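A short worksheet on the structure shown next.
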Amino acid sequence: MAKGATKVVTNTTDTTTATNAAVTVGSSSTTVLAANTGRKGFSLVNDSDETIYVSFSGTAVSGEGIRLNEKGGSVTDDVYQGVITAICASGGKNLTVIEL
């Protein structure tokens, strides 16, 4: 692969089922999705008025990990199957979730 090139990895397994949920993110690390070896992908959308931070490495910490800006910040992935956690400053904020 050439220097500076981006490698895109895509899960090639088709799915016909999805789970939709709303998770209330707290001011302490909150589990958004449990580890799931059958997961084909997921999308998280910040449906609140406050920044939410997402972690793929255990406990979510404010100011670290993936920042989801208020009113629509999102992340989508079709590879990661581990636990996903999130945190926000005041707690009680809505994160919409789709897991395939």
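How about the stretch 36-80: which strands (runs of 3 or more DSSP E) wholly inside it have at least 2 residues that are surrounded by 13 or more Cβ atoms within 10 Å (Cβ to Cβ) and of a type in the set (S, T, N, Q)?
Result: 42-46.
Hey, can you tell me all the residues within the stretch 81-93 that are buried (at least 16 other Cβ atoms within 10 Å of the Cβ) and of a type outside the set (A, V, I, L, M, F, W, C)?
Q81, T85, K93
What do you reckon, is K7 among the charged types (D, E, K, R), modelled with pLDDT of 95 or more and part of a loop (DSSP other than H, G, I, E, B)?
no
The values are calculated or read from the model by the stated rules, or taken from the named source; none is laboratory data. Please read all numbers here as calculations on a predicted model, not as lab measurements. So basically every Cβ, Gly included, is an ideal-geometry build from the backbone, and we count neighbours across all protein chains shown.
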